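Just below is one structure, and these are the notes that go with it.
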Amino acid sequence: MTRAALATLVWALLALIAAGIVAHAPYSADLSAFLPRRASPMQRLLIEQLRQGPAAHLIIAAIEGGDARTRSAVSARLAATLEAGRDFRAVNNGDAAQLQRDRNFLFEHRYLLSTSVTPERFTTAGLRAAIGDSLDALASPEGLLLKGWFTRDPTGEMLGIIDSLDPSHAPHTSAGVWSSPDGERALLLLETRAAGSDTDGQQGACEALRAAFTSAVAALAPAVRPALTLRMSGPPVFAVTARATIKTEVVRLSCISAALIVVLLLAVYRSVPALALTFVPVVSGALAGVAAVALGFDAVHGITLGFGVTLIGEAVDYSIYLFIQNAADFRRDVWPTIALGVLTSICGFAALLPSTFPGLSQLGVYSIVGLAAAALVTRFVLPAWLSRTPSIRDLTGAGEWLARCLVTLRRSRPALLALPLLAGVALLVHRGALWNRELSALSPIPVAEQQLDERLRADTGAPDLRYVVVAAAASREEALGAAQSLSSRLTPLVERGVIGGFESPSRYLPALALQRSRQASLPPPTALSVRLEEALAGLPVKAERLQPFIADVAQARSAPLLADADLAGTSFARAVQSLLVRSGAGWTALLPVSALGSGDLPESAVAAVRGAVGGDAARAQLLDLEGEANRLYSGYLAQAIALALAGLAAIVLLLLLSLRSLSRVVRVVAPLALAVVTVAGLLVLVGRELTILNVVGMLLIVAVGSNYALFFDRASQPLHRGSLPRTLASLLVANLATVSAFAVLACSSVPVLRDLGSTVAPGALLALVFASLMARPLPAPTVRS
């Protein structure tokens with residue numbers, strides 16, 4: 001077997017193995033890939049909330065069009081269908097039946113749920129004061145609601161519970177279901193069963209919602225159907241939309257990039273077989289990179305796959321160098337330079353491997369293995385295949401023309417080198433605002449969708465769940481007890497108007513100890529009758545009318561304590577499930593805090609909440625979901641910058657060992673540094689703040705540009721034996737392929753892809769220009785007769 005045949009066989013076997021690994025690898029969009037390996041407790045709480053918290057499950061749906069009665073009918077059918085399905089654990093549209101179930105639950109268990117139930121409440125003085133308040137309430141707007149309960153609840157426990165539920169946040173009602181304040185859309189609040197990290201499950205829930213809406217509309221008269229539309233928002237919808245958008249953009253832009261490169265290379269090669277062979281290293285590198293990540297990590301993250309489009313930009317260069325040179329020149333003169341360029345790229349991306357963020361580590365592994373595989377396939381597999389393809393046209397003439405152009409370009413060196421100087425000044429002037437440290441900068445969700453979410457949240461009265469008081473405990477009961485303790489501290493802030501309100505699982509399911517205490521506060525029927533007679537003296541109520549009250553108290557004294565099963569069928573079951581979650585070996589109680597009106601909590605309110613919950617044995621913390629996410633991303637960004645600088649230092653060290661000349665190292669590294677500084681300065685000048693994808697793009701500029709700088713360095717050496725014109729031609733074609741691929745990304749609507757493309761496209765071009773300017777003068781081209 002010849003060496004070429006052996007290389008082909010080894011490549012085929014490895015490609016099959018890699019394809020098998022890729023096909024069976026687990027893939028994930030779980031944000032835990034961006035959680036540091038040594039995460040702080042607050043960072044772990046953040047990720048847990050993003051995955052399992054109340055906000056991660058909430059979908060707000062709006063039915064628009066038609067009249068109120070039609071929207072109400074569709075809302076009812078929609079809710080009934082989804083409640084019978086498996087995708088949602090709670091569906092609430094404000095219908096009368098749901099409200100009645102909730103009220104029945106609260107009334108039946110009022111003595112276990114009311115915070116007013118204490119021994120003092122049922123003394124003679126306590127009864128007189130409570131009944132007097134209820135009589136006053138009968139003359140108020142609440143009187144109509146209280147009148148039907150008065151004989152069974154003269155102390156007003158039910159009214160107190162309803163007031164504590166903060167009805168000001170409840171949506172408006174129209175035609176028996178929730179609606180927007182202007183009555184133009186019916187509203188539903190839905191809670192998915194799927195966790196926030198389960199994008200497949202969230203997608204299934206969104207599809208089930210759309211299917212149920214279609215079915216509900218189909219049951220209407222044909223004339224009404226076209227007028228109705230479904231609008232959806234919330235974190236599950238955003239997660240599904242983001243994944244679909246990124247996937248669509250990656251596929252679409254990859255196809256466009258490939259098409260541009262195909263047109264370019266067809267114009268250059270004039271050979272379809274050679275064109276097909278050009279993409280063999282690219283595909284091989286992508287398979288090898290994903291397989292390596294799958295073997296080294298629990299799952300391949302979606303962002304790693306999205307990064308695969310960037311491999312086209314550099315890996316395709318290797319085959320271009322091979323095809324434009326002849327095979328003998330490639331092995332003797334070109335391959336050593338490519339090998340050193342690959343090693344510099346590996347050094348740059350190897351700096352990502354020790355990152356405490358698995359997401360960065362994955363990108364490092366993918367890039368290193370992918371580029372190495374692409375280069376090895378180009379060196380050992382393609383040459384034998386190339387010998388069986390039609391010859392590629394000779395570009396020596398074009399290279400000679402480029403050499404003459406380069407001489408002209410070098411005369412403009414002072415003006416061109418002023419560009420990075422101006423860019424450096426721009427970076428210095430804007431040094432305080434170079435980086436965007438907010439995670440929202442990477443969001444692919446369109447502004448229109450974000451504005452829709454704000455409108456629907458305002459319509460439903462759903463609070464912005466940015467701030468959550470979190471209490472950890474060893475057991476579920478202890479977590480409920482901690483929630484009750486925290487509730488007693490937050491209630492005064494609500495009463496003083498510092499915060500708008502808060503939710504607590506203990507509001508619907510008090511701890512057993514507290515339930516027993518409240519039950520023990522209820523006096524026996526005989527004692528209650530005596531005290532009631534004394535309390536009613538002088539009041540316009542006779543004790544005989546309140547016999548149902550005595551009977552209810554007697555029943556509550558011996559009734560079973562509240563359990564999860566008692567909440568079944570109510571909207572409060574969802575609240576307890578959402579706000580009381582298992583966390584590791586223990587339990588966590590969540591108390592979301594909302595501001596007065598719309599908007600975020602002011603700093604003074606945040607400080608007041610921290611002061612209220614930050615003491616003693618409750619072990620509670622106020623978690624700022626948005627702020628903590630931005631701090632996590634900011635740390636992620638800072639580490640990426642530090643690792644990129646470490647990678648640059650490793651590249652300099654490698655070049656010193658390889659080239660053994662400080663001046664040559666400077667000529668290779670300087671163009672890369674100038675290109676990076678220039679691109680960063682230009683982005684800042686056009687009003688862009690830099691993100692972590694710009695950092696990754698700068699690494700790619702170094703990886704791609706190092707090849708150009710090394711080729712110019714080698715071409716300027718006296719012992720260089722290769723064809724200078726063909727080298728220049730291959731550099732230009734490779735550069736045009738890279739710039740084309742990344743220029744397409746720069747037009748993307750997805751910020752992470754746009755940032756990457758807008759960095760690498762101009763950076764690769766500038767790296768080639770600066771490499772030509774910084775190199776020693778090249779030998780004069782030979783003029784062909």
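The values are calculated or read from the model by the stated rules, or taken from the named source; none is laboratory data. All figures in this text were calculated on a predicted structure; none of them were measured in a lab. Don't worry about glycine lacking a Cβ; one is built from the backbone with ideal geometry, like all the others, and counts go over all protein chains shown. Note: accessible area is taken over every heavy atom of the protein model, side chains too, but ligands, DNA and RNA are not part of it. Shrake-Rupley method; radii C 1.70, N 1.55, O 1.52, S 1.80 Å.
If Lys and Arg each add +1 and Asp and Glu each add -1, what is the summed charge of the other residues whose beta carbon sits under 12 Å from the beta carbon of F107?
Charge balance in the 12 Å sphere: -1.
How tilted is helix 625-659 with respect to the longest principal axis of the chain? Cα atoms for both, answer in degrees (0 to 90, nearest 10).
That helix lies at roughly 20 degrees to the long axis.
Starting from the 7 Å offset along Cα-to-Cβ, what nm value, one decimal, do you get for the label separation of S140 and L656?
So the label points at S140 and L656 sit 7.9 nm apart.
Where the centroid of each part is defined by its Cα atoms, how far is the stretch 110-124 from the stretch 520-583 in Å?
8
Ignoring ligands and nucleic acids, what accessible area does R574 show with a 1.4 Å probe (Å², nearest 10)?
We get 90 Å² for R574.
I'd like to compare 10-16, 63-69: which one has the highest average count of other Cβ atoms within 10 Å, and what's the full order after that?
63-69, 10-16
Helix 335-350 versus the longest principal axis of the chain: what angle, 0 to 90°, nearest 10, using Cα atoms?
With rounding to tens, the tilt is 20 degrees.
Describe numerically, in nm with one decimal, the distance between label points set 7 Å from Cα along Cα→Cβ at L409 and at T123.
9.3
Ranked from highest to lowest mean number of other Cβ atoms within 10 Å per residue, what is the order of the peptides 329-336, 601-608?
Result, highest mean first: 329-336, 601-608.
Measure off, as a whole percent, the carbon and sulfur share of the 1.4 Å-probe accessible area of the chain, all protein chains present.
With neighbouring chains kept in place, the figure for the chain is 62 percent.
What's the local net charge at L509, with K and R +1, D and E -1, over the other residues with C-beta under 9 Å away?
Spelling it out: positives minus negatives among the neighbours equals -1.
How far is it, in nm, from the label point at S529 to the one at A84 when both lie 7 Å from their Cα along the line to the Cβ?
With each label placed 7 Å out from Cα toward Cβ, I get 5.1 nm.
Does the stretch 486-534 classify as rounded, prolate or oblate by the C-alpha gyration tensor (a ≥ b ≥ c root eigenvalues; a/c under 1.5 gives rounded; else a/b over b/c gives prolate, otherwise oblate)?
Oblate, because a/c is 1.5 or more while a/b does not exceed b/c.
Please list C347, C255, C206, C747 in order of solvent-accessible area, largest first, computed with a 1.4 Å probe with all protein chains present.
Largest accessible area first, the residues go C747, C255, C347, C206.
To the nearest 10 degrees, how steep is helix 309-324 against the longest Cα principal axis of the chain, on a 0 to 90 scale?
It is inclined by approximately 10 degrees.
Could you work out how far the C-alpha centroid of the stretch 214-261 sits from that of the stretch 359-427, in angstrom?
With the stretch 214-261 and the stretch 359-427 each reduced to a Cα centre, they are spaced 39 Å.
How many percent of all Cα-Cα pairs in the chain sit more than 40 Å apart?
49
Note down the accessible area of K147, probe 1.4 Å, to the nearest 10 Å².
Near enough 150 Å² of accessible area.
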